[in-house]
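To start, the structure itself, in structure tokens.
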Amino acid sequence: MKLRGLIVAAVVLAGLTGALYWSNHHKPADTTEASANVPAKILAVIEADISKFDLKKNGSEQVAGERNSAGQWHITSPTPLPADQSAVASLLGTFSSLNSERLVEEKAGDLAPYGLDAPKLEVDLTEKNNQTQKLLLGDATPAGNGMYAKLDGDPRVFTVPSYDKTSIDKSASDLRDKRLLTVNPDKISQVNVVAKKQEMAFGRNKDEWQIIKPKPLRADGAQVDELVRALTDAKMELDASDDQKKTAATFASATPVATAKVTAESGTQELQLRKSKNDYYAKSSAVEGVYKVASTLGQALDKNLEDFRNKKLFDLGSDDPNKIELQDGSKTSFLTRSGEDWWSGSAKKMDAGTVQDFVDKIRDLSASKFLDSGFAVPLIDLTVTSNDGKRVEKVAISKVGDNYIAKRENDVTLYQLDSKVVDDLVKSGDDVKPAAAPGK
């Protein structure tokens, strides 16, 4: 029995050993196929290491760019031009990891069937070490959703998705800086606009805008910021048929809309805007030529002084005030904020909801129009302290006819207010009540 058991054990051991050997020498077929289907990497370069690029198109102009010592790109061919840094970065980002869709031929002897003997597009990338890699793109694949590609010096032929070619096949117009004003918007300290036969000037002190021409006035900062954004975002609209002589002639006969100047530490740049039929054309001191521009620029400049004036009575913005004092005839209300809580003049904690409604009414006080005269004896005096006590604003309100007229302290501007706005303010102040006792 013992001998028989040993024989059975030996047979089982031999079977297991054979199975292990077969397993180690026969990998599953699907694993092999999966590894073969993994897309091969055609090209991998670090974007920051690229110092030059050269796009050579079969039958078209060559587009080349170079990075300067400050790390900024500029176009060197077909003509020297400032480059759109983000557009160039997007182009070069395609090469940071260019993968194939599939390997077509391991060692291609004849490149003609793939259109790679005379490539439709050749991309030369020169790195800091002066080594150059050349990517060749040939014909479209039969299905039309890919292109044949190879790296110069590599015998393999691949296919790449058509969208990769779209990302690479760029013209000088695609890569040039299309801004008409190249100044940094955050650095602009003054904006001058001549439009509708009037001159306006806006000055910036830190983040606050002020109207300085035709006379010192409070400015609507959001409106001036929108104007600055429209000017600095203004871009030339280019197409393949761009004809500078024709565009310049159109500009010369077009109707002037506005002239704008922006001033920063780097200097002053000027933009002239004109309109021909429904199209707008611009000429800039920062860029040579005349260009068609989007109608949104015309809309941004086609405004009056009133559009840029601050109609708000208080400069609170989104801040909550620290103190509020309302005097309505013989009645006086006084509120002080401490943290999240509001307290009355008699040191009673006040209901946060009713106080917030009152604050919102103060914040929303806005002129329906501006007046030159008409202010009478004030009926209401409102003082608001904000910005941790650094800003104190006082407004006096009088009633004339069915409307109210308001005047800020040390400001000659008169603001007409709709009667409902003031009535709602007074009612909201009257509705402020003490906070409910704890537990109630």
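Nothing in this text is a laboratory measurement; each read-out follows from the coordinates by a stated rule. In this text the structure is predicted, and so the values were computed from the model without any measurement. Cβ sites come from the backbone with ideal geometry, for glycine too, and all protein chains shown count toward neighbours.
Please get the size of the charge dipole for the chain, origin at its Cα centre, with Cβ charges of +1 on Lys and Arg and -1 on Asp and Glu, quoted in debye to the nearest 20. Provide the component values of the computation, followed by the final result.
On the way: 60 positive and 65 negative charges, 83 e Å.
Here the size comes out at about 400 debye.
Towards the positive end of the charge dipole of the chain, with charges on Cβ (+1 Lys, Arg; -1 Asp, Glu), say which of Leu417, Leu382, Gly289 has the farthest Cα.
It is Leu382.
Spin-label point model (7 Å from Cα, Cβ direction): what's the Ser285 to Lys213 distance in nm?
Each label point is offset 7 Å from its Cα along the Cβ direction, giving 1.2 nm.
Let me test this: with uniform point scatterers at the alpha carbons of the stretch 64-160, what is the Debye-based log₁₀ I(q)/I(0) at q = 0.14, 0.15, 0.18 1/Å?
-0.62, -0.70, -0.91
Mind ordering 80-89, 325-334 by average Cβ neighbours within 10 Å, highest first?
Numbers: 80-89: 15.8, 325-334: 13.4.
The most tightly packed comes first, giving 80-89, 325-334.
Which helices, taking whole DSSP H runs in the chain, have alpha carbons extending 18 angstrom or more along the helix axis plus mean Kyte-Doolittle at least -0.5?
Numbers: long enough: 2-25 (35 Å, 0.97).
Helices meeting the span and hydropathy rule in the chain are 2-25.
Just flag the trypsin sites (Lys or Arg not before Pro) in the stretch 197-274 sitting in loop per DSSP whose Cβ has no more than 13 other Cβ atoms within 10 Å. Write out the running numbers ahead of the final one.
Working: sites: Lys197, Arg204, Lys206, Arg218, Arg229, Lys235, Lys245, Lys246, Lys261, Arg274; in loops: Lys197, Lys206.
Listed in order of number, the matching sites are Lys197, Lys206.
Distances longer than 34 Å among the Cα atoms of the chain: what percent of all pairs is that?
Of all Cα-Cα pairs in the chain, 61 percent lie more than 34 Å apart.
Above 20 angstrom, tally the Cα pairs of the stretch 109-170 and express them as a % of all pairs, no decimals. Don't jump to the answer; show the numbers that get you there.
Working: 460 of 1891 pairs.
Within the stretch 109-170, distances greater than 20 Å cover 24 percent of Cα pairs.
Using 0.36 nm times the number of residues separating Asn205 and Lys312, minus their current alpha carbon distance, what extension gain do you get?
Details: separation 107, 0.36 × 107 = 38.52 nm, distance 1.91 nm.
Additional length available on full extension: 36.6 nm.
I'd like the distance separating the alpha-carbon centroids of the stretch 134-160 and the stretch 274-344, in whole Å.
Centre-to-centre distance over Cα atoms comes out at 55 Å.
What residue among Ala201, Phe158, Thr182 has its Cα farthest toward the positive end of the dipole of the stretch 144-237, where the charges are +1 on Lys, Arg and -1 on Asp, Glu, each on the Cβ?
My answer, from the dipole projection, is Ala201.
Normalised by the number of residues in the chain, what is the relative contact order in percent for Cα pairs under 8 Å and 6+ residues apart?
On the way: 804 pairs, mean separation 39.3, N = 440.
Computed over the chain, the figure is 9 percent.
Amide H to amide H under 5 Å from Asn99: which residues, 5+ apart in sequence or cross-chain, H placed 1.01 Å off N in plane?
The list, which skips near neighbours in sequence, is Ile42.
Mind ordering 125-132, 355-362 by average Cβ neighbours within 10 Å, highest first?
355-362, 125-132
When the dipole is taken about the Cα centre of the stretch 169-244, and only Lys, Arg (+1) and Asp, Glu (-1) are charged at their Cβ, what size is it in debye, to the nearest 20? Show your work: numbers first, answer last.
Numbers: 14 positive and 15 negative charges, 119 e Å.
For the stretch 169-244, the charge dipole is close to 580 debye.
Any idea how far apart Lys275 and Asp388 come out in nm if each label point goes 7 Å out from Cα toward Cβ?
Distance between the two pseudo-spin positions: 4.8 nm.
For Asp402 and Ala376 in one chain, what is 0.36 nm times their gap in residues minus the Cα-Cα distance, to one decimal in nm?
Details: separation 26, 0.36 × 26 = 9.36 nm, distance 1.34 nm.
Computed gain between Asp402 and Ala376 is 8.0 nm.
With +1 on the Cβ of every Lys and Arg and -1 on the Cβ of every Asp and Glu, and nothing else charged, how large is the dipole of the stretch 83-242 about its Cα centre, in debye rounded to the nearest 20?
Numbers: 22 positive and 27 negative charges, 202 e Å.
Using only the charged Cβ atoms, the result is roughly 960 debye.
Along the stretch 131-147, what does the Karplus equation 6.51 cos²θ - 1.76 cosθ + 1.60 (θ = phi - 60°) give for ³J(HN,Hα), rounded to whole Hz, x for Gly and Pro?
For the stretch 131-147, the Karplus-derived couplings read 7, 10, 10, 10, 9, 10, 10, x, 6, 6, 5, x, 6, x, 9, x, 9 Hz, x marking Gly and Pro.
Run the simple label-point estimate for Ala70 and Leu238 please: 7 Å along Cα→C-beta, distance reported in nm.
About 2.0 nm, to one decimal.
May I ask you to compute the full-extension gain from Ala143 to Lys196, defined as 0.36 nm times their residue separation minus their alpha-carbon distance, rounded to one decimal in nm? Spell out each step's value before the answer.
Working: separation 53, 0.36 × 53 = 19.08 nm, distance 5.77 nm.
Taking 0.36 nm per residue and subtracting the Cα distance, the gain is 13.3 nm.
Assuming R0 = 41 Å, can you tell me the calculated FRET efficiency for the pair Asp110 and Thr79, based on Cβ-Cβ distance, to the nearest 0.05? Don't skip to the end; give the middle numbers.
Details: r = 38 Å, r/R0 = 0.92.
With a Förster radius of 41 Å, E is 0.60.
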